[in-house]
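Working notes for the structure below.
The values are calculated or read from the model by the stated rules, or taken from the named source; none is laboratory data. In this text, all values refer to a predicted model and were calculated from it rather than measured experimentally. Virtual Cβ from ideal backbone geometry, glycine too; neighbours counted across all protein chains shown. The protein model used for the area step is the full one, side chains on, heavy atoms only, and it has no ligands, DNA or RNA in it. Shrake-Rupley method; radii C 1.70, N 1.55, O 1.52, S 1.80 Å.
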Amino acid sequence: MIHQALKKLARFGRPQKISQTRNEKPASVQDWLHLIQDAKAAGTLTAETTALVDNHDLKPGAHAVTHFSKEIESKGLDAFRLYAQDPRAHLEDAVHEIVKWKTVAQCGHSHDVSKGYFIDAEPYMAVQWNQIIYPLIKDINMDVTLDLACGHGRNTEYLRQHAKVLHLVDVNASCIDACRERFGDNKNGTTFFYHVTDGNSLRMIADETIGFVYSWDSMVHFDKLVVRDYVKEIARVLKSGGTAFLHHSNYGETAPDSDWAHNVGTRSDMSGALMRDYAAENNLKIVKQAIQGRKEGWGQDGLDCVSLLQKS
């Protein structure tokens, strides 16, 4: 029972009451934050979890976690329901769940409220595609491609020249709407499908149906926990022999367990080393990795990484 489990937290100080209803809904984010802070004060969290708590400002009333609390609670519903059965045993799991959905909500919101970013980035796409991206992917079969975090379609504009079928995926319905207006259901022989993701899954895509998964200048903001979830999903949807081209942060080498919103270039705590681990977990082969920085226009050496993964 939840209340019995909470009694175990007495040595942390006065335990906070977990919100529940007859339907046994999970704890509110604010309730979890009180419990997490009690555990931190008692010194019972690991060093990694303590760093996440501090760097993401996971305390009652903190701005970001409070502003996005409803979305965090909604998307973490099943996990929080499970964790509330024994809060003490699952405090660190709850921290990871809160961090994951806070960063998804923040990143989605930052790209939803204004079109300015997409307008500013579009003129750079031709140089990036021709000089950086296409040389790495020119030999890949792109007939059935998934563009992950498609934004307003500046990458899609180039992918459609090689794909017969394009699945566009984004966490923001506004981005999907912009792409639908831009490309329609079919353009110059390419058929388009549009999907709004919850922020860490490709559940709308059937198993082993995609030949090429592509993400450029978006995953660099994804927290390592989100990237890990996506790599698992990518392994599921890729056909045998399929490839993923993922442009992600390497800033985790400098600032592990950090908050993307406060990092250089709003890069996440992801790294090339972590991508190798995630690929191995899902039986994906790392075909190539390239660390990127000033030469590619990112402002700081070692900031990013491009990983090419292949499913056997």
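Rounded to the nearest 20 Debye, what is the dipole magnitude of the chain about its Cα centre when Lys and Arg each give +1 and Asp and Glu each give -1 at the C-beta?
Charge dipole, the chain, about its Cα centre: 500 debye, nearest 20.
Go through PHE68, ALA39, LEU52 and say which Cα lies farthest out towards the positive end of the charge dipole of the stretch 26-99; charges sit on Cβ, +1 for Lys and Arg, -1 for Asp and Glu.
PHE68
How would the stretch 125-241 be classified by its alpha-carbon gyration tensor: rounded, prolate or oblate, with rounded meaning a/c under 1.5 and the a/b versus b/c comparison settling the rest?
rounded
Report the calculated FRET efficiency for GLN161 and ASP112 (r = Cβ-Cβ distance, R0 = 25 Å), to the nearest 0.05.
It comes out at approximately 0.35.
Quick one: putting +1 on the C-beta of Lys and Arg, -1 on the C-beta of Asp and Glu, what dipole do you get for the stretch 42-118 around its Cα centre, in Debye to the nearest 20?
Dipole magnitude for the stretch 42-118 comes out near 240 debye.
What are the ³J(HN,Hα) couplings of the stretch 70-76, residue after residue, when phi is run through the Karplus curve with 6.51, -1.76, 1.60 and θ = phi - 60°? Round to Hz, x for glycine and proline.
Each residue of the stretch 70-76 in turn: 5, 5, 4, 5, 5, 6, x Hz.
Tell me which residues come under 5 Å, amide H to amide H, from VAL213 once H is placed; ignore anything under 5 positions away on its chain.
Here the answer is LEU146, THR243, ALA244, PHE245, since their amide H atoms fall under 5 Å of that of VAL213.
Once phi is turned into θ = phi - 60°, what whole-Hz ³J(HN,Hα) does the Karplus curve with 6.51, -1.76 and 1.60 give for every residue of the stretch 239-255, x standing for Gly and Pro?
Running phi through 6.51 cos²θ - 1.76 cosθ + 1.60 with θ = phi - 60° gives 6, 4, x, x, 10, 10, 10, 10, 9, 9, 6, 10, 5, x, 5, 8, 9 Hz.
Could you tell me which label, among [x] 29, 59, 12; [y] 33, 60, 8; [z] 32, 54, 14, 0, carries the value of P(r) over Cα pairs in 20 Å bins from 0, in percent calculated for this structure?
[z]
With every protein chain left in place and a probe of 1.4 Å, what is the accessible surface of LYS311, to the nearest 10 Å²?
Surface accessible to solvent at LYS311 totals approximately 40 Å².
Of LYS239, LYS138, LYS70, which has the most accessible area with a 1.4 Å probe, and how do the rest follow in descending order?
LYS70, LYS138, LYS239
Between VAL287 and ARG180, what's the calculated FRET efficiency when r is the beta-carbon distance and R0 is 35 Å? Round to 0.05.
Between VAL287 and ARG180 the formula returns 0.60.
What is the distance in Å between the Cα centres of the stretch 249-312 and the stretch 130-174?
19
Quote the relative contact order of the chain in percent (integer), defining contacts as alpha-carbon pairs under 8 Å separated by 6+ residues.
13
Sorted by accessible area (1.4 Å probe), largest first, how do TYR251, TYR214, TYR134 line up?
TYR134, TYR251, TYR214
Under a Cβ-only charge scheme (Lys and Arg +1, Asp and Glu -1), can you give me the dipole magnitude of the stretch 121-190 about the Cα centre, in debye to the nearest 20?
Result for the stretch 121-190 is approximately 140 debye, rounded to the nearest 20.
How large is the accessible surface of ASP301 in square angstrom, using a 1.4 angstrom probe and rounding to the nearest 10?
100
Which residue, ASN188, LEU225, ILE205, has the largest displacement toward the positive end of the dipole of the stretch 134-247 when charges sit on each Cβ (Lys, Arg +1; Asp, Glu -1)?
Looking along the dipole axis, the top candidate is ASN188.
Specify the angular offset, from 0 to 90 degrees and rounded to the nearest 10, of the alpha carbon long axis of helix 29-42 from the longest principal axis of the alpha carbons in the chain.
Between the helix axis and the principal axis of the chain, the angle is about 70 degrees.
For the stretch 223-312, rounded, prolate or oblate, judged on the Cα gyration tensor with a ≥ b ≥ c (square roots of eigenvalues), a/c < 1.5 rounded, else prolate if a/b > b/c?
Judged from the Cα gyration tensor, the stretch 223-312 comes out prolate (a/c at least 1.5, a/b above b/c).
With every protein chain kept in the model, how would you rank PHE222, PHE192 by accessible area, 1.4 Å probe, largest at the top?
Final ranking, largest accessible area leading: PHE222, PHE192.
Would you tell me the accessible area of SER110, worked out with a 1.4 angstrom probe on the heavy atoms of the protein chains, in Å² to the nearest 10?
Counting only protein heavy atoms, the figure is 50 Å².
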